[in-house]
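Got a structure for you, questions after.
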């Protein structure tokens, strides 16, 4: 990945260079022309807006378009707006049943295309931030080159390989739209089917998460065996865990990757352990003759053990994929809180590109605060962290709870939440989870909730767009500001960021700040169900 974004020679240059030159010609861009952060951000956002408009029209008009064997009608305007915005922001939150609401044309030409674009957009924004540490001319790259090279050299090759492996492991890959089965109870039934292996591959690799079926990875066609479960986890982990090493290679300091890997693994492993602990038994069932020797498995798939299901779902939520293999509404309150915490953090490891970008922004704040506390110069990788960098990092940190709490309060004050879920601590958690998932661009959801309404579709659209593009703008603004600075050699006042001390400090900083922002609202939901 570092070689791709640094423009260094690679194995497939002879094949890919002519293809990429043709794409640059079609786009009308000179690959040697570099952009400032404002032009880069505006181009990236306008590209995404154009994709939203295209897919919106496709979904609204799909009833009159080909590749519609199930005679799926066009989507209502608010649902089409939510769906197109959801997939382009890497959220993939689905307020609809995929089997009966989207045609094959809408799935492949529309939603699957957005899954590639959203992943490429997140990685490109991160690369623009990273270039700020290694440049001094004020530019952060060429967005069209970054998008094209992300498609051709990272996402397409790996997703093709992943699709092949999933197909070999029994995930269907066919142009047929249905298969006839004969149930044990008699009769016959048509079951939807399609190019599921290729869909799964980019769904997991691109940290997208939108399922080909409503049951997502719990569906036996999407995730039939322990082998496909393992492959799915591997695809979800691949790029988010590789990104810190890409960062270290791009800034020519490989050791800088390890503190971030340490933070990610510490939080991730603690979350996994807590999830298994809370799901090992439901304390409310004590004294009732219910077998929980293998864990509290209500809502879990019988073909997977508790550790397998736990690893899949914690990986999915903490890497902002949002695919699920369990019914999240059936989890214990403690397990639900663990998943909510992962979306509050957004960065351990987080979504494609933006997850590590948010972690870098937290590091900027941590280094600035740490430098002030001990009298050290607030600088990182030879670049001073001043007002501009700290302002944008702080805005990003505060924007996440703002995007969650404002619509959450409106939903209850205006009485719009009650018809969807009812009243009580668990319904409150369901609404909190939905808005958190949309703001974090995660896409997972808790059932039951009647969220296919104008309010939830429009509010969700605004939350997803705000939660996606403000961090991207902040990342690029910081990258542009750093790129205008000349590098300063490290001195005696420079904070050492490759130490275990810094890893521990950043971990504690991340957890404490997140706790201060979100613990009060958890007290109204999952924590209140513990009787605390």
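Just one of the numbered conditions (1) closer than 16 Å to residue 478 by Cβ; (2) in contact with a helix residue (DSSP H, G or I) (Cβ under 9 Å, 6 or more places away or on another chain); (3) touching a residue at least 40 places away in the same chain (Cβ under 8 Å) is not true of residue 382; which one?
With (1) closer than 16 Å to residue 478 by Cβ; (2) in contact with a helix residue (DSSP H, G or I) (Cβ under 9 Å, 6 or more places away or on another chain); (3) touching a residue at least 40 places away in the same chain (Cβ under 8 Å) applied to residue 382, the lone miss is (2).
Is it true that some residue in segment 431-443 is touching a helix residue (DSSP H, G or I) at 6+ places or on another chain (Cβ under 7 Å), over 17 Å from residue 90 (Cβ atoms), part of a helix (DSSP H, G or I) and without any contact (Cβ under 8 Å) to a residue 40 or more places away in the chain?
Yes - at least one qualifying residue is present in segment 431-443.
Within segment 39-58, is there a residue that is out of contact with any helix residue (DSSP H, G or I) (no Cβ under 6 Å at 6 or more places or on another chain), assigned to a loop (DSSP other than H, G, I, E, B) and touching a residue at least 60 places away in the same chain (Cβ under 8 Å)?
There is no residue in segment 39-58 that is out of contact with any helix residue (DSSP H, G or I) (no Cβ under 6 Å at 6 or more places or on another chain), assigned to a loop (DSSP other than H, G, I, E, B) and touching a residue at least 60 places away in the same chain (Cβ under 8 Å).
Let me ask you something else. Return yes or no: is residue 406 closer than 29 Å to residue 364 by Cβ and part of a helix (DSSP H, G or I)?
On the way: closer than 29 Å to residue 364 by Cβ: yes; part of a helix (DSSP H, G or I): yes.
Answer is yes for this residue.
Sticking with this structure for a sec: Take residue 456 and tell me if it is surrounded by 21 or more Cβ atoms within 10 Å (Cβ to Cβ), assigned to a helix (DSSP H, G or I) and at pLDDT below 95.
Against the criterion (surrounded by 21 or more Cβ atoms within 10 Å (Cβ to Cβ), assigned to a helix (DSSP H, G or I) and at pLDDT below 95), residue 456 qualifies.
Can you name every residue in segment 492-503 that is under 22 Å from residue 254 (Cβ atoms) and either without any contact (Cβ under 8 Å) to a residue 24 or more places away in the chain or in a loop (DSSP other than H, G, I, E, B) (or both)?
495, 496, 497, 498, 499, 501 - these are the residues of segment 492-503 that are under 22 Å from residue 254 (Cβ atoms) and either without any contact (Cβ under 8 Å) to a residue 24 or more places away in the chain or in a loop (DSSP other than H, G, I, E, B) (or both).
Is it true that residue 207 is buried (at least 22 other Cβ atoms within 10 Å of the Cβ) and either modelled with pLDDT under 95 or at positive phi (or both)?
yes
Kindly establish whether residue 84 is surrounded by fewer than 21 Cβ atoms within 10 Å (Cβ to Cβ), in a helix (DSSP H, G or I) and either touching a helix residue (DSSP H, G or I) at 6+ places or on another chain (Cβ under 9 Å) or touching a residue at least 40 places away in the same chain (Cβ under 8 Å) (or both).
No, not satisfied.
Which is surrounded by fewer than 22 Cβ atoms within 10 Å (Cβ to Cβ), in contact with a helix residue (DSSP H, G or I) (Cβ under 7 Å, 6 or more places away or on another chain) and part of a helix (DSSP H, G or I), of 476, 517, 506, 462?
517
Here is a further query. Kindly list the number of the only condition in (1) outside any helix (DSSP H, G or I); (2) over 30 Å from residue 501 (Cα atoms); (3) touching a helix residue (DSSP H, G or I) at 6+ places or on another chain (Cβ under 7 Å) that fails for residue 312.
So the condition that residue 312 fails would be (1).
Ok, one more. From the list 32, 14, 38, which residue is under 26 Å from residue 244 (Cα atoms) and out of contact with any strand residue (DSSP E or B) (no Cβ under 9 Å at 6 or more places or on another chain)?
None of the others qualify; the one that does is 38.
Under 7 Å between Cβ atoms, which residue pairs at least 6 apart in sequence (or on different chains) link something in segment 134-160 that is part of a loop (DSSP other than H, G, I, E, B) with a partner that is surrounded by 22 or more Cβ atoms within 10 Å (Cβ to Cβ)?
135/483; 136/483; 137/483; 138/480; 138/483; 142/35
Something else now. For residue 314, are the conditions met, namely being surrounded by fewer than 24 Cβ atoms within 10 Å (Cβ to Cβ), farther than 30 Å from residue 389 by Cα and at pLDDT 95 or above?
yes
Quick one: residue 90 ticks every box in (1) under 30 Å from residue 13 (Cβ atoms); (2) part of a helix (DSSP H, G or I); (3) within 18 Å of the chain's Cα centre (by Cα) except a single one, so which number is it?
Among (1) under 30 Å from residue 13 (Cβ atoms); (2) part of a helix (DSSP H, G or I); (3) within 18 Å of the chain's Cα centre (by Cα), the lone unmet condition for residue 90 is (2).
Report, by residue number, each residue of segment 249-269 that is buried (at least 19 other Cβ atoms within 10 Å of the Cβ) and either under 22 Å from the mean Cα position of the chain (by Cα) or within 18 Å of residue 311 (Cβ to Cβ) (or both).
The answer is 257, 259, 260, 263, 264, 267, 268.
Residues in segment 24-35: is at least one surrounded by 14 or more Cβ atoms within 10 Å (Cβ to Cβ), part of a helix (DSSP H, G or I), under 29 Å from the mean Cα position of the chain (by Cα) and modelled with pLDDT of 95 or more?
yes
OK, next. Tell me the residue from 2, 41 that is surrounded by 12 or more Cβ atoms within 10 Å (Cβ to Cβ), modelled with pLDDT of 95 or more and more than 20 Å from residue 472 (Cβ to Cβ), please.
2 is the lone residue from the list that is surrounded by 12 or more Cβ atoms within 10 Å (Cβ to Cβ), modelled with pLDDT of 95 or more and more than 20 Å from residue 472 (Cβ to Cβ).
Within segment 270-279, which residues are surrounded by fewer than 18 Cβ atoms within 10 Å (Cβ to Cβ) and either in contact (Cβ under 8 Å) with a residue 40 or more places away in the chain or under 21 Å from residue 300 (Cβ atoms) (or both)? Talk me through it step by step, then tell me what you get.
The first filter runs over segment 270-279 and keeps only residues surrounded by fewer than 18 Cβ atoms within 10 Å (Cβ to Cβ), leaving 270, 273-274, 277.
Once the filter is applied, which keeps residues that are surrounded by fewer than 18 Cβ atoms within 10 Å (Cβ to Cβ) and either in contact (Cβ under 8 Å) with a residue 40 or more places away in the chain or under 21 Å from residue 300 (Cβ atoms) (or both), segment 270-279 yields 273, 274, 277.
Okay, next question. List the number of the failed condition for residue 485; all other conditions in (1) part of a loop (DSSP other than H, G, I, E, B); (2) crowded, with 20+ Cβ neighbours inside 10 Å; (3) in contact with a strand residue (DSSP E or B) (Cβ under 6 Å, 6 or more places away or on another chain) hold.
(2)
Quickly run through segment 173-202 and pick out the residues that are in a strand (DSSP E or B) and more than 26 Å from residue 155 (Cα to Cα).
Answer for segment 173-202, where residues must be in a strand (DSSP E or B) and more than 26 Å from residue 155 (Cα to Cα): 178, 179, 180, 181, 189, 190, 191, 192.
Every residue, every condition in (1) surrounded by 20 or more Cβ atoms within 10 Å (Cβ to Cβ); (2) within 20 Å of the chain's Cα centre (by Cα), yes or no:
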site: 75; (1), (2): yes, no
site: 80; (1), (2): yes, no
site: 94; (1), (2): yes, yes
site: 97; (1), (2): no, no
site: 109; (1), (2): no, no
site: 117; (1), (2): yes, yes
site: 121; (1), (2): yes, yes
site: 128; (1), (2): yes, yes
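The values are calculated or read from the model by the stated rules, or taken from the named source; none is laboratory data. Here the structure is a predicted model, which is why all the values come from computation and not from measurement. So basically every Cβ, Gly included, is an ideal-geometry build from the backbone, and we count neighbours across all protein chains shown.
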